[in-house]
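Asker: I have a structure I would like to understand better, so I am pasting it below and will then ask my questions one at a time.
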Amino acid sequence: MLRKNFEKYFGHDECEFFSAPGRSEIIGNHTDHNGGKIIAASINMDTICAAAANGTSCVRVISEGYAGEILVELDHLEKISADSGTIALLAGLMEGADKRGFRTGGFDAYVTTEVIQAAGVSSSASFEMLICAVINGLFNGNRMACTDYARIGQYAENIYWNKASGLMDQMACAAGGAVLLDFSDKEQIKYENVPLSFREMGYEFLIVNTGKGHADLSGEYSAIPEEMAEAAAALGVERLCDSDEDTLLKKIELIKNDRAGLRAIHFYEENKRVEKASASIREKDAKQLLELISESGRASWELLQNCWSMENPKEQKITRTLALTELFIKKIGDGACRVHGGGFAGVIMCLIPLKNVNDYKSYISKYVGEENIYSISIRSVGAVQL
């Protein structure tokens, strides 16, 4: 079907196929932009495309669910404004690849996705990493590394979307499998795969869409790295990873923005949780891992404060769904839940014992709808040419 749709729109069927997954952040909420640590994973929702070089300086993308053709002229990227949505993102990816020394060129692509839009499983990063895989496969002989993909995606979001994106989303989509990420070195992203399977531990990994996207909340999202940087400046450093929690406690009175101080505490405590979670995974200690994920969820709610929008505090789909899920977990005496991804709106993640999954789905579907509950598995490969 993908080949047929490509031929329908572009007039020939000679094409290559590419795929990039969505991502799940297991633990390490909003730490990447300040040099923190995260455990994340690519998931079995993916974005795929058929693509072929077209011998011109134009990139033409048809994406299911997006009205019309997404057209970018490589010779006129300066004419594209930051408020032009996917067109701007595509332009940023092409420019970002060029600035990192890779070949680019015009191509045609027909794209379709299973990744939930604007809901915290990184539909944008999945698209970005897909386009990077296309650039790599069509023009660079597959010599680009997943860290190159991530840097290019971050460049596109920072420069062409005016979004203070870190690198976690892109790395999780690009690398594949479950990965321990360390962003403390600004020049080199450190990552290693970790042997994580929730099913082997006896739990179903679920994503619950709470019913509101976060596409219109980029200001609240960007405020988190901005306020953490504000706290870091009070400590005399650029990023929080360049200082420590003891220094924060000594100088917290210098941080006049109390929320920035709370978010800094979250950063340091979350880093500790990630390190402990990595050990729990390697030791197959499911009990401790779930406790750490639950702690992460509470810290996001209380310290990071990204479970509801300050602009519309009466709408709290994330916190309501978390509260309802915690009641269920308390009743059965097992499981964990937390906000997932950027927060403020979108999805939560939860880990439910396999024997209780059907009961939980029946319970929570009364509040969010059956169609908004997804069983997730960790995908072993990242953004690739098929």
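Asker: Residue check: is Tyr110 more than 14 Å from the chain's Cα centre (by Cα), of a type in the set (Phe, Trp, Tyr) and modelled with pLDDT under 95?
Answerer: Criteria not met by Tyr110.
Asker: Separate question: Report yes if Glu275 is open to solvent by 60 Å² or more (accessible area, probe 1.4 Å) and in contact (Cβ under 8 Å) with a residue 60 or more places away in the chain, otherwise no.
Answerer: The answer is yes for Glu275.
Asker: Can you find, within the stretch 287-336, the residue that is modelled with the highest pLDDT among those that are aliphatic (A, V, I, L, M), over 18 Å from Lys361 (Cβ atoms) and open to solvent by 20 Å² or more (accessible area, probe 1.4 Å)?
Answerer: Leu303
Asker: Of all residues in the stretch 228-283 being in contact with a Gly (Cβ under 7 Å, 6 or more places away or on another chain) and among the β-branched types (Val, Ile, Thr), which is nearest to Thr31 (Cα to Cα)?
Answerer: That would be Val274.
Asker: Report whether or not Gly92 is open to solvent by 10 Å² or more (accessible area, probe 1.4 Å), among the small types (Gly, Ala, Ser) and touching a residue at least 12 places away in the same chain (Cβ under 8 Å).
Answerer: Against the criterion (open to solvent by 10 Å² or more (accessible area, probe 1.4 Å), among the small types (Gly, Ala, Ser) and touching a residue at least 12 places away in the same chain (Cβ under 8 Å)), Gly92 does not qualify.
Asker: Do we find that Ser375 is small (Gly, Ala, Ser), crowded, with 17+ Cβ neighbours inside 10 Å and in contact with a Leu (Cβ under 7 Å, 6 or more places away or on another chain) in this structure?
Answerer: The answer is no for Ser375.
Asker: Looking at this structure, is Ile48 under 21 Å from Ala383 (Cβ atoms), touching a strand residue (DSSP E or B) at 6+ places or on another chain (Cβ under 9 Å) and free of Cβ contacts under 8 Å to residues at least 24 places away in the same chain?
Answerer: no
Asker: Then there's this: Are there any pairs with C-beta distances below 6 angstrom linking a residue in the stretch 338-366 that is closer than 18 Å to Leu327 by Cα to a residue that is modelled with pLDDT of 95 or more and acidic (Asp, Glu), with the two at least 6 apart or on different chains, and if so which?
Answerer: Close Cβ pairs (under 6 Å, with a partner that is modelled with pLDDT of 95 or more and acidic (Asp, Glu)) amount to Ile352/Glu204; Pro353/Asp334; Leu354/Glu204; Val357/Glu204.
Asker: Something else now. Please work out if Lys366 is open to solvent by 10 Å² or more (accessible area, probe 1.4 Å), within 20 Å of Ser294 (Cβ to Cβ) and among the basic types (Lys, Arg).
Answerer: No.
Asker: Yes or no: the stretch 323-337 includes at least one residue that is touching a residue at least 24 places away in the same chain (Cβ under 8 Å) and small (Gly, Ala, Ser).
Answerer: yes
Asker: Could you grab the pairs with beta carbons closer than 7 Å, sequence gap of 6+ or different chains, first residue in the stretch 1-13 and touching a residue at least 12 places away in the same chain (Cβ under 8 Å), second one among the hydrophobic types (A, V, I, L, M, F, W, C) and surrounded by fewer than 14 Cβ atoms within 10 Å (Cβ to Cβ)?
Answerer: Listed pairs, sorted by first residue: none to list.
Asker: Turning to a different aspect of this structure: Could you pull out every one of the strands (runs of 3 or more DSSP E) wholly within the stretch 137-251 that has 2 or more residues that are open to solvent by less than 30 Å² (accessible area, probe 1.4 Å) and modelled with pLDDT under 95?
Answerer: Counting at least 2 such residues, we get 203-209.
Asker: Further question: Given the condition modelled with pLDDT of 95 or more, under 25 Å from Ser165 (Cβ atoms) and either of a type in the set (Gly, Ala, Ser) or in contact with a helix residue (DSSP H, G or I) (Cβ under 9 Å, 6 or more places away or on another chain) (or both), answer yes or no: does some residue in the stretch 354-367 qualify?
Answerer: No - not one qualifying residue is present in the stretch 354-367.
Asker: Which of the residues belonging to the stretch 4-28 are surrounded by fewer than 19 Cβ atoms within 10 Å (Cβ to Cβ) and of a type in the set (Ser, Thr, Tyr)?
Answerer: Tyr9
The values are calculated or read from the model by the stated rules, or taken from the named source; none is laboratory data. Keep in mind that this is a model prediction, so the values were computed, not measured. Cβ coordinates were reconstructed from backbone atoms using ideal geometry, including for glycine residues, and neighbour counts include every protein chain displayed. Accessible surface areas use protein heavy atoms only, side chains included; no ligands, DNA or RNA. Shrake-Rupley method; radii C 1.70, N 1.55, O 1.52, S 1.80 Å.
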